[in-house]
Amino acid sequence: MLREQRERIESAKAELAARTASVTSPDHLVTVTMDSRNAVVDLKFHTAKYRTMPPEQLARTLLDVLGKAREQMAEEVVETFGPLLDQREHLRAAMAGHTEVDSAFAAIWGERPSEALRTRRD
């Protein structure tokens, strides 16, 4: 179970490493492409309008597009790792002795298997 989980995590990491998020400004001035580490891997100006824009307006446009690209990449991370996080709870429950099987044995033995094993080792 742990090996399978590790393989799923490695596969998800590789899948995420290959993904990028691209966002274009509403005025189609610029497109920003960001990788899964939030590094800008491409910045394309589609027109020369940026040369005559007030610096504050250009800065706002760039910051807006960068922020949206980060948000999009964050969604990609959740989409990729979300299913693995759901399984992590099952793994924790199994390791802590809080599964349905443990509950069934607790009803029969009067204690959970994890509790019985702990008292035998002590």
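The values are calculated or read from the model by the stated rules, or taken from the named source; none is laboratory data. For clarity, every value in this text was computed on a predicted model and none was experimentally measured. Counting neighbours? That spans all protein chains shown, and the Cβs are built from the backbone with ideal geometry, glycine included.
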So ALA14, is it part of a helix (DSSP H, G or I) and under 17 Å from PHE81 (Cβ atoms): yes
Among the residues of region 75-91, are any surrounded by 14 or more Cβ atoms within 10 Å (Cβ to Cβ), β-branched (Val, Ile, Thr) and modelled with pLDDT of 95 or more? no
